[in-house]
Amino acid sequence: MRRMSLAGDAVSHIALPGLGIALLLGIHPLVGAAITLLLGAVLIWRLERQTGLDTQTVVGVVFTASLALGGLLTPSEDLIAALFGGFRGLSTLEFVLALGLTVAILIALRHWKDQFILNLFSSELASATGLNRSRIDLVFSLIFTMTILVGLRFLGTLLAGALVVIPAAVARQWTSRLSPFLGISALISIGSVAFGMALAANLRLSQGPAVVAVAAGAFVFSLLVRGRLQTLPTP
Amino acid sequence: MKPLLTVKDLTVVLDGKTVVSSLSFQLERGDNLAIIGPNGSGKTVLVRALLGIVPHRGQIVWVPGAKLGYVPQKIDADRHLPLSFGDLLQAKERVLHLPPTEVRSVSEIIGLSKEVLETPVGRLSGGQFQKALIAYALLGSPDVLIMDEPTASLDQLTEERVYELMRRLQEKLGLSFIVVSHDLSMVYRYANKVLCLNQQGLCFGPPHEVLTPQALQALYGEHHQLYQHHHLP
């Protein structure tokens with residue numbers, strides 16, 4: 001489960017073939033993306049268990065295959081938007097569905113949070129505590145991929161995973177405690193999206209790259225500030 | 001009274017290799033069992049089989065309602081993980097729907113300070129980490145604590161403290177222990193039964209009866225002896 005977090009950036013690429021097929025069929029691209037993300041999550045989970053390969057290897061195979069397949073299937077005029085985000089304006093229905101999915105993710109996280117914490121620390125201890133670590137891994141993968149789906153609309157398949165990785169990296173610069181870590185990660189993520197989209201709108205930039213650039217800037221800023229304060233221990 | 005644990009013809013095969021073969025033994029409530037054997041003899045696999053973590057053939061029958069606590073040999077904890085043992089203990093408390101005072105109660109019994117509970121796991125010393133793992137295992141009021149080399153990588157003084165803690169826990173809480181150990185002197189001091197394991201069970205019983213030079217030679221394949229020091233009061 002821990003290594004799934006490290007492979008987070010790559011997981012978002014699994015959406016590309018779904019996007020491409022949906023565009024070819026004339027249905028909403030995010031429907032296709034959701035299907036391939038969910039299938040990809042289950043496939044990664046099954047391959048890990050059947051092959052004994054570690055998560056990063058399995059994700060590496062699945063995401064590169066997805067990227068290649070998506071590149072072949074996605075119409076060329078839509079490929080840039082699929083990779084970097086920025087399809088046509090958000091409809092009311094899309095907004096409501098995204099909001100609903102976000103609420104569902106938050107409820108699921110609240111319910112599963114303690115099991116994730118125990119399994120993240122040690123899957124062996126989680127098993128000895130009576131938890132089903134295989135089920136925990138699968139649920140985590142599904143929640144993870146649905147989180148990627150929420151951001152896919154405006155970040156694209158290449159960059160959606162960045163908002164999982166970078167805010168956490170920023171938060172880790174500032175704290176070693178769980179609750180502040182989660183709070184700071186969420187704030188950095190929200191701030192990056194808000195500021196990045198404002199920049200994109202005002203300067204006519206691509207949304208996805210602008211958002212991720214802001215998040216990366218926050219990481220660089222943290223390094224510089226923490227570097228100046230390096231004599232102080234991380235709280 | 002039913003035995004605490006009955007193991008009959010236990011065999012564990014992993015990746016086509018027989019790791020534990022036709023093992024049988026029985027434990028009563030209050031027993032302290034030490035499992036000894038050379039590296040690769042199947043001790044950790046046996047522990048995992050007792051916990052139900054690995055598949056096995058044969059019988060492992062715990063007394064109905066027995067609750068197990070487990071302290072593993074090593075945990076591949078990421079030093080940079082933003083988690084403290086306070087977070088872990090509270091997570092286990094919620095997962096098992098334990099009373100909210102359980103964490104404080106167990107921390108007091110073990111002697112874990114608030115500071116240690118709030119320190120990220122990667123920053124704890126070996127002794128603090130081990131005590132915190134024991135606290136984690138005690139949550140949920142187990143009847144049996146299963147510990148896999150609990151003092152590996154600890155200095156001698158800390159090792160003594162951990163074994164003393166185990167003795168106090170047994171006196172205070174009436175726990176039974178199953179401990180994998182390489183330290184024969186500690187086995188002799190703290191265990192009332194010992195199981196010699198080298199894929200098969202080579203000896204089982206009170207240490208002073210079964211830890212003979214012949215048994216140790218059969219187990220380890222070298223000349224081993226246990227010297228007992230008798231000090232005048």
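Residues that are surrounded by fewer than 17 Cβ atoms within 10 Å (Cβ to Cβ) and over 16 Å from the mean Cα position of the chain (by Cα) number at least 3 in the following helices (runs of 4 or more DSSP H) confined to the stretch A:37-141: A:55-73, A:76-84, A:92-121.
Filtering the stretch B:108-121 to residues that are part of a helix (DSSP H, G or I) and facing chain A (nearest Cβ under 8 Å) leaves B:E118, B:V121.
On inspection, B:K193 passes the criterion of being farther than 25 Å from A:E124 by Cα, basic (K, R) and surrounded by 20 or more Cβ atoms within 10 Å (Cβ to Cβ). Applying the set (1) part of a loop (DSSP other than H, G, I, E, B); (2) touching a residue at least 12 places away in the same chain (Cβ under 8 Å); (3) under 30 Å from B:C203 (Cβ atoms); (4) within 14 Å of chain A (Cβ to nearest Cβ) to B:P38 leaves exactly one unmet item: (4). Just one residue in the set A:R110, A:R153, A:R135 is farther than 21 Å from B:A135 by Cβ and in contact (Cβ under 8 Å) with a residue 12 or more places away in the chain; that residue is A:R153.
For the stretch B:93-107, taking the residues that are in a helix (DSSP H, G or I) and surrounded by fewer than 18 Cβ atoms within 10 Å (Cβ to Cβ), the one that is nearest to the other protein chains (Cβ to nearest Cβ) is identified as B:R94. Here B:L51 meets the list (1) more than 17 Å from B:L5 (Cβ to Cβ); (2) among the hydrophobic types (A, V, I, L, M, F, W, C); (3) at the interface with chain A (Cβ under 10 Å from one of its Cβ atoms) almost entirely, failing just condition (1). Restricting A:F84, A:F116 to those that are among the aromatic types (F, W, Y) and within 14 Å of chain B (Cβ to nearest Cβ) reduces the list to A:F116. Against the condition farther than 26 Å from B:M186 by Cβ, within 9 Å of another protein chain (Cβ to nearest Cβ) and not hydrophobic (A, V, I, L, M, F, W, C), how does B:Q59 come out, does it pass? Answer is no for this residue.
Which of the strands (runs of 3 or more DSSP E) contained wholly in the stretch B:131-233 include at least 1 residues that are modelled with pLDDT under 85?
Per the criteria, B:200-205.
Within the stretch B:62-92, the set of residues being at the interface with another protein chain (Cβ under 7 Å from one of its Cβ atoms) and among the basic types (K, R) comprises B:K92 only.
The values are calculated or read from the model by the stated rules, or taken from the named source; none is laboratory data. Predicted, not measured: the structure shown is a model, and the values here were computed from it. Heads up, the Cβs are rebuilt from the backbone with ideal geometry, glycines too, and the neighbour counts pull from every protein chain shown.
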